[in-house]
Amino acid sequence: MKEFLRRTPRYFTSPKQADQQIPDDLWKKCAGCGELTYTKQWLDNAKVCPKCGHHERMAAAEWIELLVDKGSWQEQDADLQPADPLNFVSPRNNYAEKVATLQEQGLNESSVSGIAQIEEQPLALCVSEFGFMGGSMGSVMGEKIARAAERAADEGMALVTINASGGARMQEGILSLMQMAKTSVALARLGDVRQPHISILIDPCLGGVTASYASSADIIVAEPGAVVGFAGRRVIEQTIRQKLPPEFQTAEFLLEHGMIDMVTPRAELRGVVAKFLRLYRRSPARA
Amino acid sequence: MTAPELTPWDTVQIARHAQRPHTLDYVRGLIEDFVELRGDRRFGDDAAMIAGVGRFAGQTVAILGHQKGSNTKENLKHNFGSPHPEGFRKALRLMQHAAKFGFPLLCFIDTSGASPNLASEERGQAEAIAENLLVMADLPIPIVATVIGEGGSGGALAIGIADRLLMLEYAVYSVASPEASATILWRDGAQAPEAAAAMRITAKDLAEFGIIDEVIPEPEGGAHLDPVAAIAQVRMALQKHLHAIAVHSVSVLLEQRYNKYRRIGVVHERQATLFASRS
């Protein structure tokens, strides 16, 4: 025990020095535990730390590659572009400028939608792009989700959504709030034809997305450690002036409180989704 | 009637005025034989959400509304009109109750948002709101919602999907309160007046976006100066809109409700791109 209490550990090489002696891309330092993993091994493990199980965030394209059958992905509604209905001006950066900058970096919008197959089961799939304005839901995301739900209803297939979002897109004001209503009416129709909506909550998922289509799904799966909630930790701490426990709003916290069906490690996700698609598959004659 | 120099932030102050008529004032002024129905049958009874049945325009109706207080004591009792999950689940129970008995539903929106705290998250604030949205989308009864004061965020929308959405002249409706918007956008809640202007939250703005069906005029200076006149204006508007949608069959009603919400949003769509798929 005394060893741990010693202020300066003896006979210890600082890991920082060790870091500097190797190329940047050969080893990946885990954001969760700080341990180093051989980058190729980390990538093969779908960006999950083999030591602590920390799930690193992934871009939409990486999610699609991980989940769907090779060659089955067909992107839909990629033409949908954000407008600036409020003519939103801000002292820092105007909405239109922000969108233009992100699109120059190759990000299209905060949601990528398409049709695909998983283990040869057809599905409509919408994946959040957290890198585009924090995965916020504006008119484009609302429209993509609504169209995907309608497509799934028309073609008799399930809808799977992978959701990471900071909440509503503030720059679209009330129109972004109304996307919660729009996605909900579209999902109600999907329910009317008894096709399932499977919602996969990944880190972080908060605000208007969690308070609409992501939480009204028939099946809700979350990634280990994902932060999921309505109001963010900072907002709550400011409001009630009370420190929140560290496990607050994690996937495990939600499971314990009965809010989700399961916590599934990334490596098992494809198999779990495939199983649901098989179990809930309706023959066209009955649909 | 509107003083032209009124800024959006001024409007927020009128919308939040303590003496402005709140849900229970409208219930007293509009509804005969009102009976409050309480509790979500799951956890508790949330005084931030009023639910009940009564008579309006010659028929039994169901009523839902956020309840703000007119003083500190009332506000503590009603949690400033900010519901916990049990409030939204009480509302859900009443929606299904109204559908079962075929009562039209009148909703009065007046909240700065759902209550943000540990207990709310533990009991599933997001799920409670999400479920109401899904149920209201398909609820087989006429729904008329009126923003009477402050419409804030998902907590407002959770009783706000309707066949007709009305808004009082000095009410506001926004994706987040101006303070929260300023914090999210600029990390500075003190810039709420700027956020109020940038976010386009007044009745006039929402009418321009095509989100509301009617702006209900208020007495000069605001509803708090003449509540009786304000409530009379709301009565006329509710009668008119309930009457107009009562003629529709349930399937037509739901089809129109679907189209009303399905079309909201502004996007650009490039027509030229034919092959947009990635892999």
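The values are calculated or read from the model by the stated rules, or taken from the named source; none is laboratory data. Because the structure is a prediction, the values reported are computed rather than measured. With ideal geometry, Cβ positions are generated from the backbone for all residues, glycine too; neighbour counts draw on all protein chains shown.
Screening region B:104-141 for residues that are more than 8 Å from chain A (Cβ to nearest Cβ) and in contact with a His (Cβ under 8 Å, 6 or more places away or on another chain) and picking the one that is nearest to B:Arg235 (Cα to Cα) gives B:Phe108. Among residues of region B:168-186 that are at the interface with chain A (Cβ under 7 Å from one of its Cβ atoms) and within 18 Å of A:Met178 (Cα to Cα), none has a Cβ under 7 angstrom from a residue that is assigned to a loop (DSSP other than H, G, I, E, B) and aromatic (Phe, Trp, Tyr) at a sequence gap of 6+ or on a separate chain. Kindly indicate whether any position in region B:143-158 is among the β-branched types (Val, Ile, Thr), in a helix (DSSP H, G or I) and either surrounded by fewer than 22 Cβ atoms within 10 Å (Cβ to Cβ) or more than 8 Å from chain A (Cβ to nearest Cβ) (or both). So far as region B:143-158 goes, no, none of its residues is among the β-branched types (Val, Ile, Thr), in a helix (DSSP H, G or I) and either surrounded by fewer than 22 Cβ atoms within 10 Å (Cβ to Cβ) or more than 8 Å from chain A (Cβ to nearest Cβ) (or both).
The set of residues in region B:264-279 that are loosely packed, with under 12 Cβ neighbours inside 10 Å and at pLDDT 95 or above is empty.
Residues that are closer than 16 Å to A:Arg147 by Cβ, assigned to a loop (DSSP other than H, G, I, E, B) and among the acidic types (Asp, Glu) within region A:72-94 comprise A:Asp77, A:Asp79, listed in sequence order. Once region A:74-124 is narrowed to residues that are over 30 Å from A:Ala153 (Cβ atoms) and of a type in the set (S, T, N, Q), the residue that is nearest to the other protein chains (Cβ to nearest Cβ) is A:Ser90. Cβ-Cβ contacts under 8 Å between residues 6 or more apart (or on different chains), taken from a first residue in region B:115-132 that is surrounded by fewer than 24 Cβ atoms within 10 Å (Cβ to Cβ) to a second residue that is among the acidic types (Asp, Glu), are listed as B:Arg123/B:Glu86. Within region A:22-73, the set of residues being within 14 Å of chain B (Cβ to nearest Cβ) and either touching a residue at least 60 places away in the same chain (Cβ under 8 Å) or in contact with a Cys (Cβ under 9 Å, 6 or more places away or on another chain) (or both) comprises A:Ala59, A:Ala60, A:Trp63, A:Ile64, A:Leu66, A:Leu67. One residue stands out in region A:238-287 among those that are in a loop (DSSP other than H, G, I, E, B), within 13 Å of chain B (Cβ to nearest Cβ) and in contact (Cβ under 8 Å) with a residue 12 or more places away in the chain: the one that is farthest from A:Gln117 (Cα to Cα), namely A:Phe248. Quick one: would you say A:Asp69 is in a loop (DSSP other than H, G, I, E, B), within 24 Å of A:Ser199 (Cα to Cα) and of a type in the set (Asp, Glu)? Answer is yes for this residue. Considering region A:33-51 alone, what residues qualify as being loosely packed, with under 15 Cβ neighbours inside 10 Å and in a loop (DSSP other than H, G, I, E, B)? Passing the criteria: A:Cys33, A:Gly34, A:Pro50, A:Lys51. For A:Gly232, are the conditions met, namely being away from every other protein chain (no Cβ under 12 Å), within 18 Å of A:Phe253 (Cα to Cα) and touching a helix residue (DSSP H, G or I) at 6+ places or on another chain (Cβ under 8 Å)? In short, no.
The requirement of being surrounded by fewer than 23 Cβ atoms within 10 Å (Cβ to Cβ), under 18 Å from the mean Cα position of the chain (by Cα) and of a type in the set (S, T, N, Q) is not satisfied by A:Asn87. Of all residues in region A:253-262, exactly one satisfies the criterion of being under 13 Å from A:Ile219 (Cβ atoms) and in contact with an Asp or Glu (Cβ under 7 Å, 6 or more places away or on another chain), namely A:Met259. A residue that is part of a loop (DSSP other than H, G, I, E, B), modelled with pLDDT of 95 or more, surrounded by fewer than 16 Cβ atoms within 10 Å (Cβ to Cβ) and of a type outside the set (Lys, Arg) cannot be found anywhere in region B:73-85. Can you say whether A:Phe230 is under 26 Å from B:Glu122 (Cβ atoms), outside any helix (DSSP H, G or I) and in contact (Cβ under 8 Å) with a residue 24 or more places away in the chain, as far as the supplied structure shows? Judged against the criteria, A:Phe230 is a match.
Quick one: would you say A:Ser212 is within 13 Å of another protein chain (Cβ to nearest Cβ) and either in a helix (DSSP H, G or I) or out of contact with any Leu (no Cβ under 6 Å at 6 or more places or on another chain) (or both)? The answer is no for A:Ser212.
Looking at A:Ile236, is it among the hydrophobic types (A, V, I, L, M, F, W, C), at pLDDT 95 or above and closer than 26 Å to A:Met133 by Cα? The answer is no for A:Ile236. Among helices (runs of 4 or more DSSP H) entirely within region B:190-279, having at least 1 residues that are within 14 Å of another protein chain (Cβ to nearest Cβ) singles out B:192-198, B:203-208, B:250-262.
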